[in-house]
Amino acid sequence: MGRSAPAIVILGNGSLATARKIQQRYPEAVIHGLAGRVDGADREYQEFGATLRELYQQDTPIIALCAAGIVIRTLAPLLLEKGAEPPVLAVAENGSAVVPLLGGLGGVNALAREIAAALDGAAAITTSGELRFGTCLLNPPSGYALGDLELGKRFVSDLLAGESVRIEGPAPWLAEAQLPEDQQARLAIHVGHAERQPSANELLIYPRNVVVALTSGTAEAIRTALHEANIALQSLACLLADERDMASSALRETALEMGVPLRFNARSGTVLELARGAVPSLLTAIAINDSMAIAVAAEPLDPLLIGRPRGRLAVIGLGPGAAELMVPAVKAELARANDVLGYETYVRMAGPFRADQVMHCTDNREEMQRARHAFELAAQGRSVVVVSSGDPGVFAMAAAVLEALHESSDAHWHNVDLQILPGVSASLATAAQAGAPLGHDFCVMSLSDNLKPWAIIEKRLDLASQADLALAFYNPISRSRPWQLGRALEIVAQHRTAETPVVLGRDIGRPGQTLRVTTLGQLTPDQVDMRTMVLIGSSTTCVFPRAGGGEWVYTPRWYGEKPVG
Ligand code: SAH
């Protein structure tokens, strides 16, 4: 799996030019600017420390344009925890110095050199092995895996102490390194896929050149098969299965346990043929049994070029608008997306996106078409996100996506990894700002009669009002539905007093948001538009003044007699 795009974190406008130069080198990198201090960053953050720690914990490479000390102090509390260690660099605001701080095994030195070259600055490399040999032996290029880190460290210190080394097997990336090579050396770097007992004199590096094709089988069965074929586990590049088994959770768990990607191809013949077909320059192919076969390639393999992954479709909720109210799972999903579909306003709200991410903006009304398009893309193995505002399950895309799937008999669609990720719905975001108007039983309704008969809406309004439920109205009014809200309020007024508290939240969590507390008697449809959430209290809903102006609105948790205590 590739690393995620780097985050370039800046504190002021003075760093923007340097940040942009770094971004030219890594076009997928995202510039995070401090809100109120930086104009024109890709993304705004409120708090430096929290942002840096969150990026670190998400294993995002961090390029911070500030003093190294600030970065060290900020990340220090996380360093004792075991977990992600992405590359972390401090870069001087003017680009003159690039200091790799953390992530030695994640390629931080290579990154520092690249950035320094792009900025015409100097990389402050302090890793002895790297300085002496021009490469980090413990961090072989992608396509290769290090046998054992602890043995490796010892090996490198022996080398640094002045010993010479032999290279056994093909190691093209070492051709440019300045290693003290000698055919008679005691120390050896051994590159190969054969299973081998590690010894103190050897640095074992495994090419990832092995594919296991299977229709079923546990991780244990794979380990045994590889062992019997004398192939090192570390050389396994990926598992490959028949695309008809894409939804198999057993295969997914096996791949997870092995720590390798699971890829799919169409299978017409035996599993041995499936294995052979996946590998460009085949060295050997071994049939283990009817359900498992091994193919070994002459060169390391890039799993991303073998077959295709299981497609993923996530229907996500952005929350009302503010970035802090978006759940972390949604942020992570947006970062992994290849395609983003939705109504243009929401797609823009979900951004910014990298150059490699494709945005498909459509009209708000083309929901079923959008849902089908999403499945078509996901069925090709892409990672697709469909965006809704608020929660995707509340008058939004999740139900449309499931309806499209339900109507389809296409196995490729049903095999897609479908996820619905929740968000903070407008009624809840509005309620939270007002206090707790939905603190007791409440009823959520859309007043739009586009997809349901108006008679049903009237009936539900009547019964919900009679039942004394607090009410939350979505889609309260629009140009094409001008009279419906007035009629709805008439029905509610038959069961509630004119003093009943009402909360109007407009553009909550977005720029220019307004929150207004009024009463049912004073509420008129012209105070409401399609960007407004209408909350109507029940008979128990109370209002009292808040210090500093405005009111608190809440509906107590009890009903009838107030309990004692
Ligand atoms: N899935 C969304 C609702 C979509 S229906 C959610 O869970 O919030 C669209 C309606 O939601 C709008 O007509 C408006 O009534 C309400 N709405 C959506 N976002 C809002 C916001 N930020 N502030 C106030 N109301 C909002």
Checklist line | Amide hydrogen neighbours beyond the local backbone of Y45, cut-off 5 Å, H modeled | finding: G33, L34, A35
Check: Can you give the Kirkwood hydrodynamic radius for segment 314-356, in Å, rounded to one decimal and based on Cα pairs?
Finding: 10.7
Margin query: If amide hydrogens are placed 1.01 Å from N in the peptide plane, which non-local residues have theirs closer than 5 Å to the one on C443?
Written below: A470, L471, A472
Next item on the list: Run through every distinct alpha carbon pair of segment 360-462 and return the Kirkwood hydrodynamic radius in angstroms, one decimal place.
Entry: 15.9
Next item on the list: Could you tell me the distance between the Cα centroids of segment 121-158 and segment 46-88, to the nearest Å?
Entry: 23
Check: Out of the DSSP beta bridges found with both residues in the chain, what percent are antiparallel (nearest 5)?
Finding: 40
Note to self: Going Cα to Cα from K153, which lysines come in below 23 Å? Please leave out same-chain ones fewer than 8 positions away.
What the structure shows: K82
Check: How long are the three semi-axes of the equivalent ellipsoid of segment 7-126, in whole Å, if each is the root of 5 times an eigenvalue of the C-alpha gyration tensor, listed from largest down?
Finding: 19, 18, 12
Margin query: Give the aspartates and glutamates whose C-alpha is closer than 15 Å to that of K21, dropping any in the same chain fewer than 8 places away, or say none.
Written below: D42, E93, E114, D120
Checklist line | Relative contact order (%) - criterion: Cα under 8 Å, at least six apart; region: the chain | finding: 8
Margin query: Going by amide H atoms built from the backbone, whose H comes under 5 Å of the H on L283, apart from near neighbours?
Written below: V296, A297, A298
Next item on the list: Please work out the Cα center distance from segment 489-557 to segment 383-444, rounded to the nearest Å.
Entry: 25
Note to self: Restricting to DSSP loop positions (anything but H, G, I, E, B) with no more than 12 other Cβ atoms inside 10 Å of their own Cβ, which trypsin sites (Lys or Arg not before Pro) remain in segment 347-431?
What the structure shows: R365
Margin query: Tell me whether segment 210-305 comes out rounded, prolate or oblate; compute the Cα gyration tensor, take square roots of the eigenvalues as a ≥ b ≥ c, and use a/c under 1.5 as the rounded threshold.
Written below: rounded
Next item on the list: Would you kindly derive the ³J(HN,Hα) couplings of segment 213-221 from the backbone phi angles with the Karplus curve 6.51 cos²θ - 1.76 cosθ + 1.60 (θ = phi - 60°), listing them in order in whole Hz, with x for Gly and Pro?
Entry: 9, 7, 9, 7, x, 8, 4, 4, 4
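Where both partners of a DSSP beta bridge lie in segment 210-305, what percent of those bridges are antiparallel, to the nearest 5?
Numbers: 11 of 19 bridges.
If I count the DSSP bridges inside segment 210-305, around 60 percent turn out antiparallel.
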Checklist line | Helical contribution to [θ] at 222 nm, DSSP H n ≥ 4, -39,500 (n - 2.57), averaged over the chain, rounded to 500 | finding: -8500 deg cm²/dmol
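For segment 312-424, what is the convex hull (Cα atoms) projected area averaged across all directions, in square nanometres?
Average of the hull's projected areas for segment 312-424 equals 6.1 nm².
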Notebook entry, point to check: Tell me, what is the percent relative contact order of segment 408-565, built from C-alpha pairs under 8 Å that lie six or more residues apart?
Noted result: 27
Next item on the list: Could you bin all the Cα-Cα distances of segment 427-554 into 10 Å bins starting at 0 and give me the percent of pairs in each, rounded to whole numbers?
Entry: 13, 48, 33, 5, 0
Note to self: Kirkwood Rh and Cα-based Rg: tell me the resulting Rg over Rh for the chain, rounded to two decimals.
What the structure shows: 1.07
Notebook entry, point to check: Which whole-Hz ³J(HN,Hα) couplings does segment 267-273 yield from phi under the Karplus relation 6.51 cos²θ - 1.76 cosθ + 1.60, θ = phi - 60°, glycine and proline marked x?
Noted result: 10, 10, x, 6, 5, 5, 5
Item checked: Per-residue HN-Hα couplings for segment 369-380 [Karplus 6.51, -1.76, 1.60; θ = phi - 60°; Hz; x = Gly/Pro] -> 4, 5, 4, 5, 4, 4, 5, 4, 5, 5, 5, 7
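Not counting the cut sites, what is the longest span of the chain without chymotrypsin sites (Phe, Trp or Tyr not before Pro) that DSSP labels loop and that have at most 14 other Cβ atoms within 10 Å?
Within the chain, the longest run free of exposed chymotrypsin sites (Phe, Trp or Tyr not before Pro) spans 1-482.
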Next item on the list: Please get the size of the charge dipole for segment 210-305, origin at its Cα centre, with Cβ charges of +1 on Lys and Arg and -1 on Asp and Glu, quoted in debye to the nearest 20.
Entry: 80
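FYI, it's all coordinate maths here, none of it is from the lab. Just so you know, these numbers come straight off a predicted model, no measurement behind them. Reconstructed Cβ throughout: ideal geometry from the backbone, glycine too, with neighbour counts over all protein chains shown.
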